[in-house]
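The values are calculated or read from the model by the stated rules, or taken from the named source; none is laboratory data. Quick caveat: nothing in here was measured; it's all calculated off a predicted structure. Please note: Cβ atoms are built from the backbone with ideal geometry, for glycine as well, and neighbour counts cover all protein chains shown.
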Amino acid sequence: MAKKFYKRGWGHTKTRGRESTVRCGFCGRSVPKYKTFSVVKGMRINDPMLRGRGGGALRRGLTMMQNKIYACPACARHRNIVRRKKR
């Protein structure tokens, strides 16, 4: 997974202060949505024995319980989701 630099501009909304807030999935902090990084968490069945027993969906590699969570900038840096820009 390619890591992107943490840099955001104000082009995400027409006026400042009108952005909705979301909760960080790791620490629970309330953060404006434009500052967060989306992370898709899920579980995938890769065992060939289980895929052979199941139906067509299991043969292709079923993705179960896939959730999109948001990470605040501090948690994204701590968990290596993004890199901090070197000055």
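A few remarks follow.
- Being among the β-branched types (Val, Ile, Thr), modelled with pLDDT under 90 and part of a strand (DSSP E or B) holds for only one residue in VAL22, VAL40, VAL31, and it is VAL40.
- Residue count, region 70-87 (criterion: touching a residue at least 12 places away in the same chain (Cβ under 8 Å) and in a loop (DSSP other than H, G, I, E, B)): 7
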